[in-house]
1. Would you work out the charge dipole size for the chain about its Cα centre, treating the Cβ of every Lys and Arg as +1 and the Cβ of every Asp and Glu as -1, and quote it to the nearest 20 debye?
2. Quick one: if the Förster radius is 22 Å, what FRET efficiency do His3 and Ser191 give, using the C-beta to C-beta distance and rounding to 0.05?
3. Of all DSSP beta bridges located in the chain, what percent are antiparallel, nearest 5?
4. Enumerate the amide H contacts of Ala205 below 5 Å, restricted to partners 5 or more residues apart or on another chain; note that Pro and chain-start residues carry no placed amide H.
5. Using 0.36 nm per residue, how much length does the chain from Ser112 to Asn25 gain when fully extended, once their Cα-Cα distance is taken away?
6. As an exercise, take the mean of 1/r over every pair of distinct alpha carbons in region 87-153, invert it, and state the Kirkwood radius in angstroms.
7. Collect residues whose amide H, placed 1.01 Å from N in the peptide plane, falls under 5 Å from the amide H of Val159; neighbours closer than 5 in sequence don't count.
8. Compute the distance in nm between two label points, each set 7 Å from the Cα along the Cα-to-Cβ direction, one at Gln267 and one at Glu92.
Amino acid sequence: YLHDEGYDGRDMLIAVLDGSFYGANEYGGLARIYDEGRVVAEYDFVNGDTNVYRGTGTHGSRVFSIMGADIDSRLVGSAPKASYALLRTEDEESETHIEEDNWIFAMEYADSIGADVINTSLGYTTFDTGVDYTPADMDGRTAIVTYGATMAHRSGMVVISSAGNSGATNWRIISAPADADSILAVGAVDSNEVVGLFSSRGPSADGRVKPDVMAQGVLTAHLGTFGVVTRGNGTSFSAPVIAGFTACLWQANPEASNYEIMDWIRQSADRYG
């Protein structure tokens, strides 16, 4: 609907905090973004350089494509005309608290270049070192990365976070930073609005409604290996649907605050009441 009304994310900046963006700069479905100079920043906080395309991980590329892809009559992302900052914070070879620090560095960098929206299809619960969070820690006040997400909100950005894919595991509930009280945590439904079994549940440990909203994260269209249009599952894929939507809605309401945008999106949910 927003696209039909002429709102496609133009002049909005989305920072994508994720793993490797391997292949994204070679995918035909993302070529318009690169040709038009709308990838405005690239930084790898894992290795401390600007090569966000190293490795073979395509998680970041897939997430990016859900927002930015633009293939006539085949696939249009949720914000195809937005500008993007590709910021690698996740080391696919390990799971450590350092990645939470990387996330905060990237968030501060995104703020410094004027990002409007952060999409983070990441979540932190347990770590290789065994120094883990517990479900009780998902209270919006404990995890390092959750503090970072709250800081981002206070600086004026809208943070979109995947809720997590632990709905069918013993962990079950949301992960950090989805537990932050000042961001939009996004769960996953299919095209019939049925919740994906994997989608992490709420509430937060302190009783707040989470996820904030749901979007299609079951068989979500995106660019997969070699840039081929495919479908996949995960709250990693429902979050960028909402992130692009957020950019379009804010483009349509440029005087609104980040708090108002988030509040309107929550109220737009069919089960808000």
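The values are calculated or read from the model by the stated rules, or taken from the named source; none is laboratory data. All values derive from a computational prediction rather than experimental measurement. No Cβ is skipped: glycine too gets one built from the backbone with ideal geometry, and neighbour counts run over all protein chains shown. Quick note on the areas: whole protein, heavy atoms, side chains included, nothing else; ligands and nucleic acids left out. Shrake-Rupley method; radii C 1.70, N 1.55, O 1.52, S 1.80 Å.
1. Here the chain has a charge dipole of around 620 debye.
2. Computed FRET efficiency for His3 and Ser191 comes out at 0.75.
3. 25 percent
4. Met138, Asp139
5. This chain segment gains 28.9 nm when fully extended.
6. Working: mean 1/r = 0.0792 Å⁻¹.
Across region 87-153, the inverse of the average 1/r is 12.6 Å.
7. HN-HN under 5 Å from Val159: Ile118, Leu184.
8. Reported label-point gap for Gln267 and Glu92 is 4.2 nm.
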